[in-house]
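Reviewing the structure listed below.
No lab work stands behind these numbers, since they all come straight from the coordinates. Here the structure is a predicted model, which means the values were calculated and not measured. Glycine gets a Cβ as well: all are built from the backbone with ideal geometry, and neighbour counts include every protein chain shown.
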Amino acid sequence: MGHPAGKKIDRVELERRRMRASRLLEKGLSEAEVARRVGAHRQSVNRWAEQLRKGGRSALKRAPRTGRPPKLSAADLRRIEQGLKRGPEALGYETSLWTAWRVAYLIERECSVKFSAVHAWRVLRALGWTPQRPAHRALERDEGAIRRWKQQRWPEIKKKPKNSGAPSSS
């Protein structure tokens with residue numbers, strides 16, 4: 001049971017599952033039956049039952065978040081996204097291309113938090129933005145001339161196998 005491969009379950013959902021298991025255990029269902037119903041391993045339900053007996057439901061609550069607290073709040077992320085939607089021209093850049101350095105500058109300007117270019121891309125990914133590559137095409141490009149060259153000139157200069165009449169080894 002546990003977590004299905006490739007599926008990430010957040011801490012809130014895990015706590016909900018433990019609370020549901022605690023209610024089922026309190027109704028008198030067996031640990032094996034509770035495990036089947038909540039989609040957890042029987043040993044996990046056994047551990048939860050022991051915690052429930054010792055500390056009550058509060059023992060099954062999720063632990064506080066570990067690690068360094070994030071430097072950007074939800075409001076900061078919203079301001080960054082609004083800045084991204086306005087485009088780099090709003091910051092005085094000549095082109096409409098977001099680079100990692102430009103995003104880092106936007107974050108510093110909007111939130112007074114300095115990030116490296118690498119971390120700026122992490123922030124973009126967290127916001128659901130993906131890197132895009134613009135099509136590099138010359139403004140002077142003549143599609144008709146390119147099509148004619150491919151249809152007429154290329155077949156003339158393309159190497160062709162020699163007709164020697166001898167059978168091929170392949």
Open item on the list: When you check ASP76 against the structure, is it surrounded by 14 or more Cβ atoms within 10 Å (Cβ to Cβ) and within 30 Å of ILE107 (Cα to Cα), yes or no?
Closed with: yes
TODO: For LEU139, indicate whether it is of a type outside the set (Ser, Thr, Tyr) and either surrounded by 12 or more Cβ atoms within 10 Å (Cβ to Cβ) or within 23 Å of LYS71 (Cα to Cα) (or both).
DONE: no
